[in-house]
Amino acid sequence: VMEKNIKFPVIDLSKLNGEERDQTMALIDDACQNWGFFELLNHGIPYDLMDNIERMTKEHYKKFMEQKFKEMLRSKGLDTLETEVEDIDWESTFFLHHLPQTNLYDIPNMSDEYRTAMKDFGKRLENLAEELLDLLCENLGLEKGYLKKVFRGTKGPTFGTKVSNYPPCPNPEMIKGLRAHTDAGGLILLFQDDKVSGLQLLKDGDWVDVPPLKHSIVINLGDQLEVITNGKYKSVMHRVMTQKEGNRMSIASFYNPGSDAEISPAQSLVDKESEYPSFVFDDYMKLYSGVKFQPKEPRFEAMKNAAVTTDVNPVATVETF
Ligand code: OGA
Ligand code: NI
């Protein structure tokens, strides 16, 4: 495991502006093909903005969320963990929507300063996501703007942020911070705690840590990019482990297609016939919300038959990107 951590792809995005551009593009391509994940430094988002976001997110949790989390534990009987719990995640979250419409002003208990910083952070992450999509296009031989255009649909992309804290857990063997899954959408940009670890991805059958790295943004690819790239890039299973000590902050932003975006493998990446389905993104999300913690392959299979998609397990949906 140690050796694999060392190889985890860390990419200095500022090198795109110099003579190491080609190597940097190749690193990104390799990470997309073989990891589904990479970590960015010098990504252009000011480090002092990230420091402020971190400080305020931690304060907000202490002030407004921690008590609620403890009440949730009591109400769900999780204050003693004697047997493995497989249907609940050990996390405290709230959701910010940026696009197509913001809910930033409807969220209770956020200070003006926190709201303003989150708005700024969201806009910068949105720009970074779009910049990255164009880098992916370049690596894939797709015309500039191709992915952005696919994601746009008629209403523009969906962009949101899940603000999470993973509190310390007395018995980490019994429950996950977040159960293993692949992300449904497009590109995910994660600002994770620089001290408390926990995020792991599945690589060649082993769980590998995504190492905390101060001021980095962790990128991973969702199911839609796997479909559009016809499997050249893959969405990768990941999970969050609970820890005995420390509270792990994680701010995950999801740059996803708009609800009516039509998703299909890019023609230039398909040889004969694609193994992947074509569908409207919202139909995929309806399916995903009930089967998020199951493997993606049956989802892709189910989407091949459009008739199946409307009535698969109408499970009560949790909010999910
Ligand atoms: C997610 C996710 C990881 C984390 O919300 O989909 O994988 O570290 N989060 O919070
Ligand atoms: Ni995820």
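The values are calculated or read from the model by the stated rules, or taken from the named source; none is laboratory data. Here the structure is a predicted model, which is why all the values come from computation and not from measurement. We place every Cβ from the backbone using ideal geometry, glycine too, and count neighbours over all the protein chains shown.
Residue-by-condition table, conditions (1) touching a helix residue (DSSP H, G or I) at 6+ places or on another chain (Cβ under 7 Å); (2) in a strand (DSSP E or B); (3) charged (D, E, K, R):
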| residue | (1), (2), (3) |
| --- | --- |
| 230 | yes, no, no |
| 240 | no, yes, no |
| 259 | yes, no, no |
| 272 | no, no, yes |
| 277 | yes, no, no |
| 283 | yes, no, yes |
| 290 | no, no, no |
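Check whether at least one residue in segment 179-186 is among the hydroxyl-bearing types (Ser, Thr, Tyr) and within 15 Å of ligand 1 (Cβ to nearest atom), and report yes or no. Let's see the steps before the verdict.
In the first step, residues of segment 179-186 are kept if they are among the hydroxyl-bearing types (Ser, Thr, Tyr); the result is 182.
Remaining after also requiring within 15 Å of ligand 1 (Cβ to nearest atom): 182.
Within segment 179-186 (the criterion being among the hydroxyl-bearing types (Ser, Thr, Tyr) and within 15 Å of ligand 1 (Cβ to nearest atom)), the answer is yes, since at least one residue qualifies.
If you go through segment 31-88 and pick out every residue that is more than 30 Å from residue 187 (Cα to Cα) and free of Cβ contacts under 8 Å to residues at least 24 places away in the same chain, you end up with 11. Here residue 204 meets each of (1) without any contact (Cβ under 8 Å) to a residue 12 or more places away in the chain; (2) charged (D, E, K, R); (3) within 12 Å of ligand 1 (Cβ to nearest atom) with one exception, condition (3). No other residue among 159, 151, 191 is on the phi < 0 side of the Ramachandran plot, modelled with pLDDT of 95 or more, assigned to a helix (DSSP H, G or I) and crowded, with 18+ Cβ neighbours inside 10 Å apart from 151.
Of all the criteria given as (1) outside any loop (DSSP other than H, G, I, E, B); (2) of a type outside the set (A, V, I, L, M); (3) within 16 Å of ligand 1 (Cβ to nearest atom); (4) under 18 Å from residue 225 (Cβ atoms), the one not satisfied by residue 164 is (4).
Within 24 Å of residue 192 (Cα to Cα), without any contact (Cβ under 8 Å) to a residue 24 or more places away in the chain and surrounded by fewer than 19 Cβ atoms within 10 Å (Cβ to Cβ): does that describe residue 93? Answer is no for this residue.
Checking each residue in segment 41-82 for being aliphatic (A, V, I, L, M), part of a helix (DSSP H, G or I) and either buried (at least 16 other Cβ atoms within 10 Å of the Cβ) or touching a Phe, Trp or Tyr at 6+ places or on another chain (Cβ under 9 Å) (or both) picks out 49, 50, 53, 56, 65, 73. Residue 258 - would you say it is near ligand 1 (Cβ under 10 Å from one of its atoms) and touching a strand residue (DSSP E or B) at 6+ places or on another chain (Cβ under 7 Å)? No: the conditions fail for residue 258. Taken over segment 201-233, the residue count meeting the criterion of being surrounded by 19 or more Cβ atoms within 10 Å (Cβ to Cβ), of a type outside the set (A, V, I, L, M) and within 16 Å of the chain's Cα centre (by Cα) is 7. Across segment 162-178, the number of residues qualifying as within 15 Å of ligand 2 (Cβ to nearest atom) and surrounded by fewer than 17 Cβ atoms within 10 Å (Cβ to Cβ) comes to 0. Residue 227 falls short on exactly one of the conditions (1) within 17 Å of residue 284 (Cβ to Cβ); (2) without any contact (Cβ under 8 Å) to a residue 60 or more places away in the chain, and that condition is (2). Checking each residue in segment 234-268 for being surrounded by fewer than 23 Cβ atoms within 10 Å (Cβ to Cβ), over 12 Å from the mean Cα position of the chain (by Cα) and not charged (D, E, K, R) picks out 241, 243, 246, 247, 249, 258, 259, 264, 265, 266, 267, 268.
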